[in-house]
Structure formats: C-alpha cells, structure tokens
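This report concerns only the one structure given below.
Any read-out appearing in this document is the output of simple, stated calculations on the displayed coordinates, not a laboratory observation. Since the model is a prediction, treat every value here as computed from it, not as a measurement. Glycine also receives a Cβ, built like all others from the backbone with ideal geometry; neighbour counts cover every protein chain displayed.
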C-alpha cells in the first residue's frame, strides 16, 4: 500500500534527520564529544515532540521509512508501506 506522509509525519522525519546529523557531527568532533549531552539536548527534545505530535512514538518502522524517503528525495510523493501493512 502506498501512503502520503502527513505534515506532522514529515516534520517528525525531518527532526529525526536533524538529530542524526547533529549527533554525527558532535560525536565525531573530539572537542564537542565530551559535551554531547549539552549539544544534543535541544535536537532530542525537538525530535521527541515532533514524534509525539505525529503519533509516531513507538512506531519506529514508519519513522525510519519516512526518514529514508526524505533522504532519497521521495518525501513529496507517496511512500510504500507494504513492508509493514497499514499504518
């Protein structure tokens, strides 16, 4: 089944990707890594709130498909949800 992500779902996937990129940048920089908790607190809070708003808390499979769609440039169109059934 193919579905189109909602605005809150897209926002949650974008927040998740920002968190991943920030974590990667912080944790690979020896000067920033010791203060990772400080640098990651805001992006983690943003992602948590976006996930809650989108109803994706506990639905990691859907979130990861949405994030993969954004990475692949497919987010504006429908996403294939056949792997896990209806969302």
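Observations on the structure shown:
- Residues 62, 24, 10, arranged from fewest to most other Cβ atoms within 10 angstrom of their Cβ, appear as 24, 10, 62.
- In nm, spacing of pseudo-spin labels at residue 42 and residue 4 (7 Å Cα→C-beta vector): 3.4
- Put in order of Cβ neighbour count within 10 Å, fewest first, the listed residues 20, 38 become 38, 20.
- Computed as a quarter of the hull surface, the mean projected area of the alpha carbon convex hull for region 2-80 stands at 5.2 nm².
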